[in-house]
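Enquirer: Below is the structure I would like to discuss, written out as structure tokens.
Every number in this text was worked out from the coordinates using simple rules, so none of it is lab data. Here the structure is a predicted model, which means the values were calculated and not measured. Every residue, glycine as well, gets a Cβ built from its backbone with ideal geometry; the counts of neighbours run over all protein chains shown.
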Amino acid sequence: MRYQDKLFQQRETLLLDTARQLFCDCDCGWERVTIAQVAQHAGVAKGTVYKHFSSKESIYARLALRFSRECLAHYRAMEPAESPLKTIRCVLYEAFALMRSNPIDVQLCLHCDRPELQARLGEKERRAMEALDREYLALFHEMVRAAIAEGEAPDKPIEGLFWGVDAIFQGVMERIAAGGVGPDRHETPSLEAYFEYVVDFIVAGLAGTDPTQGREKTQ
């Protein structure tokens, strides 16, 4: 890599790190952080930011992509459990833990998932998001195929299972982004308990079993 290219990448990382920190520190909401503030805190001119990002939405997208890629790499690096369904359970718990530890990143991911925002992004960013979606789908296929091969899950079309799990996953992200599970009417004492119920439901759905029995069979 050329020296100039290395410097460009380092400055881009600095800008992303600076923007994310400002988003985390801003009491009035990360949407209020300006390009000028990012430039000031990074110690560069405002025009320099635009050499890397066409808009704030471009920064949002790049941060969402970075977080999602890091999570995917983390899931792939996890050691397999004793069985495929136990591995799926472990990955789900790890996903929820990572999201809970990074609520700003979760909010950005949800924001960038909106069609109207994606329509305003550049082609490179949209393609990157589409490619990352395919990688997540491939990981899901890999894990479910392993469960089917071991007889832990019925041989159903995996694509349909993915969209069901994805819908549930989006709901968990919304809860984390909102900071909790809502009023006490849900009778859920904590996010940890909420995560357990959701994981049980997902694993039971994949296995075709009663969700109240899922934890016993896969822990």
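Enquirer: Using Cα atoms only, what is the angle between the long axis of helix 3-25 and the major principal axis of the chain, expressed in degrees (0 to 90) to the nearest 10?
Expert: The helix 3-25 is inclined about 70 degrees to the chain.
Enquirer: What translational diffusion coefficient, to the nearest whole µm²/s, does the chain have by Stokes-Einstein, given a Kirkwood radius computed over alpha-carbon pairs, a temperature of 20 °C and 1.002 mPa s viscosity? Can you show the working numbers first?
Expert: Details: Rh = 19.2 Å.
Stokes-Einstein gives a translational diffusion coefficient of 111 µm²/s.
Enquirer: In whole Hz, with x marking every Gly and Pro, tabulate ³J(HN,Hα) for segment 141-150 from phi via Karplus 6.51 cos²θ - 1.76 cosθ + 1.60, θ = phi - 60°.
Expert: Each residue's phi maps through the Karplus curve to give 4, 4, 5, 5, 4, 5, 5, 5, 4, 8 Hz.
Enquirer: At what distance in nm do the modelled label points of Ser55 and Thr13 sit from each other, each positioned 7 Å from its Cα along Cα→Cβ?
Expert: Between Ser55 and Thr13, the simple spin-label model gives 2.8 nm.
Enquirer: Quick one: which of 147-154, 172-179 comes out on top by average Cβ neighbours within 10 Å, and what's the full order, highest first?
Expert: Values: 147-154: 15.6, 172-179: 17.1.
So the peptides 147-154, 172-179, ranked by packing, come out 172-179, 147-154.
Enquirer: If I fit a long axis through the Cα atoms of helix 191-207 and take the longest principal axis of the Cα atoms of the chain, what angle between them do I get, 0 to 90°, rounded to 10?
Expert: Between helix and principal axis, roughly 60 degrees.
Enquirer: Packing-wise, with mean Cβ within 10 Å as the measure, how do 70-83, 88-101 rank, highest first?
Expert: On the way: 70-83: 12.4, 88-101: 17.9.
The most tightly packed comes first, giving 88-101, 70-83.
Enquirer: Another question about this same structure. Grab the chain and count how many Lys pairs have their alpha-carbon atoms under 18 Å apart, sequence gap of 8 or more, or different chains. Please report the intermediate quantities before stating the final value.
Expert: Working: Lys6/Lys51; Lys46/Lys56; Lys51/Lys124; Lys56/Lys124; Lys86/Lys217.
Here the count comes out as 5.
Enquirer: Another one. Computed FRET efficiency, Cβ-Cβ of Arg100 and Arg2, R0 35 Å: what is it to the nearest 0.05? Don't skip to the end; give the middle numbers.
Expert: Details: r = 40 Å, r/R0 = 1.15.
Calculated transfer efficiency: 0.30.
Enquirer: Another question, if that's okay. Taking a ≥ b ≥ c as the square roots of the eigenvalues of the Cα gyration tensor of segment 1-53, is the shape rounded (a/c under 1.5), prolate (a/b larger than b/c) or oblate?
Expert: Working: a/c = 3.05, a/b = 2.12, b/c = 1.44.
It is prolate, given that a/c is not under 1.5 and a/b is the larger ratio.
Enquirer: Round to the nearest 0.05 the FRET efficiency obtained for Trp163 and Cys28 when R0 = 41 Å and r is the Cβ-Cβ distance.
Expert: Details: r = 36 Å, r/R0 = 0.88.
With R0 = 41 Å, the Cβ-Cβ based efficiency is 0.70.
Enquirer: For helix 56-77, what angle does its Cα long axis make with the longest principal axis of the chain, in degrees from 0 to 90 and rounded to 10?
Expert: Here the helix axis deviates by roughly 40 degrees.
Enquirer: Normalising by the residue count of segment 1-66, find the relative contact order in percent from Cα pairs under 8 Å and 6+ residues apart. Could the numbers behind the result be given before it?
Expert: Numbers: 38 pairs, mean separation 18.9, N = 66.
Relative contact order, segment 1-66: 29 percent.
Enquirer: Would you please classify the overall shape of segment 1-103 from the alpha carbon gyration tensor, given that a ≥ b ≥ c denote the square roots of the eigenvalues, rounded means a/c under 1.5, and beyond that prolate means a/b larger than b/c while oblate covers the rest?
Expert: Numbers: a/c = 3.61, a/b = 1.83, b/c = 1.97.
It comes out oblate by the Cα gyration axes.
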